[in-house]
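The values are calculated or read from the model by the stated rules, or taken from the named source; none is laboratory data. Only a predicted model underlies this, so the values are computations on that prediction, with no experimental measurement involved. Cβ placement follows ideal geometry from the backbone for every residue including glycine, while neighbour counts extend to all protein chains displayed. With ligands, DNA and RNA removed, areas are computed over all heavy atoms of the protein, side chains included. Shrake-Rupley method; radii C 1.70, N 1.55, O 1.52, S 1.80 Å.
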Amino acid sequence: PEVTILHRGPRYIVRHLRCNDDPWVCVSFEYWKPEPTLEGEFSGEGFFRHRGLNAIGFMAATNDWFQDDEIVDAIGAARHASEGCTRIGYGGSMGGFATINFYHDLGLSGGIAIIPQFSIDQARAPYETRWRGEAAAITFTHDKIDRI
């Protein structure tokens, strides 16, 4: 299997694991990590590689719930690379949020969101206290999960 970089910016990297010519791809979003990085494998990459499944993985330099404006270009790169494919989303926690939040932007046909974090925005979820530090640093410009 070969991995190509579809997008690399200061906030996000999008990696494309191409294992075969099947006309479908799993789009994976990274979960919250204590030390996020743009290096290494994306969430589920080893699983997909071991099973010979195509996947596109979004990784974030910070736990920003994929809210930086750079996400628009990253999503565009993933859509372009998977044109004509059936796209299935996958993510857990922060990645589950992103799977649902960007469902339409990515043109997903289905998705698996494992324990998706609905929101850490204090205006929407004041009861959510686990990620107050991250929430205080985020402008929730691309958060539309409550309208999906």
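Here are the numbers:
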quantity: Share of carbon and sulfur in the accessible heavy-atom surface of the chain [1.4 Å probe, %]; calculated: 53 percent
quantity: Using alpha-carbon coordinates, inclination of helix 70-81 to the longest axis of the chain, degrees; calculated: 20 degrees
quantity: Reported label for calculated Cα extents along the principal axes in Å given (i) 46, 30, 25; (ii) 51, 33, 26; (iii) 71, 39, 26; calculated: (i)
quantity: Separation between Cα centres of the stretch 15-51 and the stretch 69-148, rounded to whole Å; calculated: 16 Å
quantity: Residues whose placed amide H lies under 5 Å from that of VAL27, excluding near-sequence neighbours; calculated: ILE56, ILE88, GLY89, TYR90
quantity: ³J(HN,Hα), Karplus 6.51/-1.76/1.60, whole Hz, each residue of the stretch 8-25, x for Gly, Pro; calculated: 9, x, x, 9, 9, 10, 10, 10, 10, 8, 10, 9, 7, 9, 4, x, 8, 8
quantity: 12 Å beta-carbon shell around VAL72, net charge (K/R +1, D/E -1); calculated: -3
quantity: Segment ARG147-TRP24, length gained on full extension (0.36 nm per residue, minus Cα span); calculated: 41.6 nm
quantity: Whole-number accessible area per residue in Å² for the stretch 90-148, which is evaluated in the context of all protein chains at 1.4 Å; calculated: 51 Å²
quantity: GNM top mover of GLY92, GLY133, GLY111 - the chain, alpha-carbon springs below 10 Å; calculated: GLY133
quantity: Simple Cβ-charge dipole of the stretch 45-90, Lys/Arg +1 and Asp/Glu -1, about Cα centre, in debye nearest 20; calculated: 440 debye
quantity: Rounded to the nearest 20 debye, dipole of the chain from Cβ charges on Lys, Arg, Asp, Glu; calculated: 260 debye
quantity: 222 nm mean residue ellipticity, helices alone, for the chain (DSSP H n ≥ 4; -39,500 (n - 2.57); rounded to 500); calculated: -6000 deg cm²/dmol
